[in-house]
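The values are calculated or read from the model by the stated rules, or taken from the named source; none is laboratory data. Quick caveat: nothing in here was measured; it's all calculated off a predicted structure. As a convention, Cβ positions derive from the backbone with ideal geometry for all residues, glycine included, and neighbour counts pool all protein chains shown.
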Amino acid sequence: MKFYAYLKKNPELEIKITEARKYGVQTLIDKLLQVFKYQEIEDPNAILWIREKTKFITFLANKLTDLYSDNKPIKQNIDQKMTISWEDNQDDLIDVSEDIVDIPSDNKD
C-alpha cells in the first residue's frame, strides 16, 4: 500500500513503472507464446492443453496491452462532404425513344 501511495504522489515515477511493467508483460507473453507454439508433443491431450494455454496467454495479452489487441482504433480521414448538382447538358443526352420495338409475346393461348 505504501508503494502505491508513493506512486500517486510521484506521477513521473508512476509513468516509468507502468511502462516498465508493460515491457515486462510483453516480453513474458512473447517468450511463453514461443514455448507453447513450438513444443513437439505427440500426446493429443497435451497438444490440446498447450493450445488452450496459448489461447489464454493471447487473451491476457489483449487485455494487458494494445500491442496484441484485435480491436485497434483505426484513424481514417473520411471526407463527409456531399455535392449535388443539376446540369442542363443537352449535348450529352442520347435519344433512345426511337429504338423501342414492340416484342411479340410467345403465348399461344
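In table form, for the structure just shown:
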quantity: Filter result for Lys22 (among the basic types (Lys, Arg), under 20 Å from Leu64 (Cβ atoms) and in contact (Cβ under 8 Å) with a residue 40 or more places away in the chain); calculated: yes
quantity: Extreme residue, nearest to Leu7 (Cα to Cα), among residues of the stretch 24-65 that are of a type in the set (Ser, Thr, Tyr) and surrounded by 11 or more Cβ atoms within 10 Å (Cβ to Cβ); calculated: Thr65
quantity: Failed criterion for Phe56 (all others in (1) at pLDDT below 75; (2) in a helix (DSSP H, G or I) hold); calculated: (1)
quantity: Residue check, Leu33 modelled with pLDDT under 85, within 22 Å of Leu64 (Cα to Cα) and in contact with a helix residue (DSSP H, G or I) (Cβ under 7 Å, 6 or more places away or on another chain); calculated: yes
